[in-house]
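Reading through the structure tokens given below for one structure.
The values are calculated or read from the model by the stated rules, or taken from the named source; none is laboratory data. In this text, all values refer to a predicted model and were calculated from it rather than measured experimentally. FYI the Cβ positions are ideal-geometry reconstructions off the backbone, even for glycines, and counts take in every protein chain you see. Note: areas computed on protein heavy atoms with side chains; ligands, DNA, RNA excluded. Shrake-Rupley method; radii C 1.70, N 1.55, O 1.52, S 1.80 Å.
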Amino acid sequence: MHIHLLQPGRISYAEGLRLQAEVVAARKANRIGDTLILLEHPPVLTLGRNATRANILASDDLLAQKNVEIHDINRGGDVTYHGPGQLVGYPIFDLRGNLPGKKGPHLGPVDFVRLMEETLILTCKDFGVPAQRICKLTGVWTLAGGTIREKKIAAIGIHVSQAVTSHGFALNVTTDLRDFDLIVPCGITDRTVTSLELESPLDPPPTLTQASNSIAANFGRVFHRQILATETLDDLLATTAT
């Protein structure tokens, strides 16, 4: 058993949606196996099913000036930001497959999110950053200390159709955190965001490539699969499901 890994680099959000749609269709048809897409987007705001436009703080003029797009999408969650220096992951998995913790005909979406959180916690640990879950606040957070509250280092929101997942997570690596001032991240007003660059004790701080390698390895560890890198979408679609 393995996980296909596709890394198209920095692509527009619209292109990312098209890529996801093709991979999801192939996974639903059982033409390919479970696939993890790791990429980077230009600045974009995405609004999930529970989002409200009131959580976009910037004016339309400011967003246009900064070339920030807005997309309404079908993942769970509220508004979030994607941009350069942020590692975005789209796991396209069939929840009916052989997955850790599955007790019925399919793994529950919440259980799948918990597995993703575990991979992100392990990745933060790889770079010397202790991280955790917080009850009822999906995502991955730094630890609190003294008067410092937990900070969000990774956001998560998925969609499930015919037992196949799409969308996924966003890990702040070298992200310019000032861009989060454009929104109320995930609708949460009492905690801020952070990045591996700010939290890691390593010098130099981790790069996007290093974070990508760590995420891929930890997906393999958590899901008990071998990671199989694939160069292009065409190469991926030429494979067979296993």
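Worth pointing out:
- Database remark: amide H of Leu228 closer than 5 angstrom to the amide H of Ile3, His4, Leu5 (H placed geometrically; neighbours at sequence offset of 5 or more, or on other chains; Pro and chain starts carry no H).
- Accessible area of Arg31 (1.4 Å probe, protein heavy atoms only, ligands and nucleic acids ignored): about 120 Å².
- Residues Asn50 and Lys28, FRET efficiency given R0 of 25 Å [Cβ-Cβ distance, rounded to 0.05]: 0.50
- Accessible-area composition of segment 52-117, carbon plus sulfur, in percent [1.4 Å probe]: 50
- Rolling a 1.4 Å probe over the heavy atoms of the protein chains gives the chain an accessible area of 46 Å² per residue.
- On Cα atoms only, tilt of 13-28 relative to the major axis of the chain in degrees: 30
- For segment 52-125: rounded, prolate or oblate by the Cα gyration tensor [a/c cutoff 1.5]: prolate
- Beta-bridge orientation, segment 1-144: approximately 55 percent antiparallel, per DSSP, counting only bridges with both partners inside.
- Cα-based shape type of segment 87-183, given that a ≥ b ≥ c are square roots of the gyration tensor eigenvalues and the cut on a/c is 1.5: prolate
- With a simple spin-label model that places each label point 7 Å from the Cα along the Cα-to-Cβ direction, the separation between Arg178 and Asp234 comes to 4.2 nm.
- Mean residue ellipticity, 222 nm, helices only, the chain: the sum of -39500 (n - 2.57) across DSSP H runs of n ≥ 4, divided by residue count and rounded to 500, is -8000 deg cm²/dmol.
- In this structure the amide hydrogen of Gly168, modeled in the peptide plane, comes within under 5 Å of the amide hydrogens of Gly157, none closer than 5 places in sequence on its chain.
- Taking amide H as placed 1.01 Å from N in the peptide plane, Leu99 has no amide H partner under 5 Å among residues 5 or more places away or on another chain.
- Of all lysines in the structure, those lying under 20 Å Cα to Cα from Lys151, and not within fewer than 8 positions of it along the same chain, are Lys125, Lys136.
- For segment 59-66, putting each phi into the Karplus relation 6.51 cos²θ - 1.76 cosθ + 1.60 with θ = phi - 60° gives couplings of 6, 4, 5, 5, 4, 5, 4, 8 Hz, in residue order, rounded to whole numbers and with x for Gly and Pro.
- Helix 109-126 vs. the chain, principal-axis angle (Cα, 0 to 90°, nearest 10): 70
- For segment 6-55: rounded, prolate or oblate by the Cα gyration tensor [a/c cutoff 1.5]: oblate
- Segment 1-44-segment 87-118 distance, computed between alpha-carbon centres (Å): 16
- Mean sequence separation of contacting Cα pairs (under 8 Å, at least six apart), scaled by the length of segment 26-153, corresponds to a relative contact order of 22 percent.
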